[in-house]
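Below: one structure, written as structure tokens.
Derivation of every value follows stated rules applied to the coordinates shown; laboratory data play no part. Keep in mind the model is a prediction, meaning the values are calculated, not measured. Quick reminder, even Gly has a Cβ in these numbers, built from the backbone with ideal geometry, and neighbours come from all protein chains shown.
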Amino acid sequence: MIYFSMGELYLNTAYGTMINYWDGTAHYCMYLMMVTAIVWNQGYREIGLYWVGSVMNSIVVFLPGNIAGKFGADLKASYLLNMPYIIFPLLGAYRFLQSRKPVNIPKEQLKLRQNKSIFQRPFDLVMVIYLVLSCAFSLLRMLAAMDSPIPFAQTYVKFYEPYLLDPVIYPKLQMLVYWFYFTPYRLCAIYGLLYPGCEWMSDWALIHAGAAIQGQFSHIGSSLHSRTPYILRVPINTRPTFWVINLALLVFPQLLAWRCLTKPAFFVKQSNKPKTN
């Protein structure tokens, strides 16, 4: 409690509480899994990419929010303790992305999978629809967080997510991350689901899934937390809609990552090199 009051005051906010919960549970479990894999001499690339996405989303929102929000004038030297959480995930991301191994799938199976149109792959079609809708919804929430005078943005922030206007500024930054970082990825993922041979899909789907679950966990929890002013919490009568929207934004990235990992044939680039005797 002394550290919270004398060191990092912003950890007493609803958002600070939620990221501490996430660090102490989800990130801790990821660390244990990676350490166990190292001890057993096994690979941990997938969980590493997932961890990179989760940590980077947390840091991209948390560190600027500490400076730009209402606690910016009370920063202490303890703020610098967060710097390693920038360096190590970036180094890890570079290493994991550079260590991708080729997937060995028979050429006949590749042709069979990759010759199917999007309408012959119902799960992928659902993912494309989700990605399109999530891009549109990210624009709506970004406008609402920036207090745009556009009527539908004002209606959304008033009746569904008033937490977006919290002066701690974390929700605004999260919505900006969703729009300026998640949306370009989602557009690329739509391309990857429509056209075969995009080998990067599995790696970036894992990073996106880790970032999405961390961002949504913190956002959902903060929107309902007792440390958020009552007038900025989600109204009781619109909470069912709030839960449906935000859980969809949490669950669908996990399903996309699962699809890319378990059935990667569509994303394998076919080799055009002729065989030599």
> How far, in degrees from 0 to 90, does helix 122-145 lean away from the longest principal axis of the Cα atoms of the chain, to the nearest 10?
Replying inline: 30
>> Angle check, please: helix 183-194 long axis (alpha carbons) against the longest principal axis of the chain (alpha carbons), in degrees 0 to 90, nearest 10.
In response: 20
>> For a test of the definition: using alpha carbon positions, the gyration tensor, and the 1.5 limit on a/c, classify the chain as rounded, prolate or oblate.
In response: oblate
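Please go through the stretch 201-277 and write out the chymotrypsin sites (Phe, Trp or Tyr not before Pro) that DSSP classes as loop and that have at most 11 other C-beta atoms within 10 Å.
Here no chymotrypsin sites (Phe, Trp or Tyr not before Pro) fit, given the DSSP loop and packing criteria.
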> For the charge dipole of the chain, defined by +1 on Lys and Arg C-beta atoms and -1 on Asp and Glu C-beta atoms about the Cα centroid, which residue among 236, 12, 181 has the Cα displaced farthest towards the positive pole?
Replying inline: 181
> So what's the angle, to the nearest 10 degrees on a 0 to 90 scale, between helix 45-68 and the longest Cα principal axis of the chain?
Replying inline: 30
>> If I stretch the segment between residue 255 and residue 23 completely, what's the gain in nm (0.36 nm per residue apart, minus their alpha carbon distance), one decimal?
In response: 81.3 nm
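Where the only charges are on Cβ atoms (+1 Lys, Arg; -1 Asp, Glu), what is the dipole of the stretch 1-271 about its Cα centre, to the nearest 20 debye?
That gives the stretch 1-271 a dipole magnitude of about 700 debye.
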>> Ignoring everything except DSSP H segments at least 4 long, calculate the 222 nm mean residue ellipticity for the chain; use -39,500 (n - 2.57) per segment, divide by total residues, nearest 500.
In response: -20500 deg cm²/dmol
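Kindly put 50, 130, 15, 28 in sequence by how many other C-beta atoms sit within 10 Å of each C-beta, fewest to most. Can you show the working numbers first?
Working: 50 25, 130 20, 15 30, 28 11.
Exposure proxy ranking, most exposed first: 28, 130, 50, 15.
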> For the stretch 87-208, with the dipole built from +1 on Lys and Arg beta-carbon atoms and -1 on Asp and Glu ones, taken about the Cα centre, which of 105, 190, 144 lies farthest toward the positive end?
Replying inline: 105
> How would you order 149-160, 187-198, 165-176 from highest to lowest mean count of nearby Cβ atoms within 10 Å?
Replying inline: 165-176, 187-198, 149-160
> To two decimal places, what compactness ratio does the stretch 108-234 give when its Cα radius of gyration is scaled by 2.2 N^0.38 Å?
Replying inline: 1.27
>> Using +1 at the C-beta of Lys and Arg and -1 at the C-beta of Asp and Glu, which of 89, 118, 53 has the Cα lying farthest in the positive direction of the dipole of the stretch 31-164?
In response: 118
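Starting from the Cα-Cα distance between residue 199 and residue 35, subtract it from 0.36 nm times their residue separation and give me the gain in nm to one decimal.
Details: separation 164, 0.36 × 164 = 59.04 nm, distance 2.73 nm.
Extending this stretch completely gives an extra 56.3 nm.
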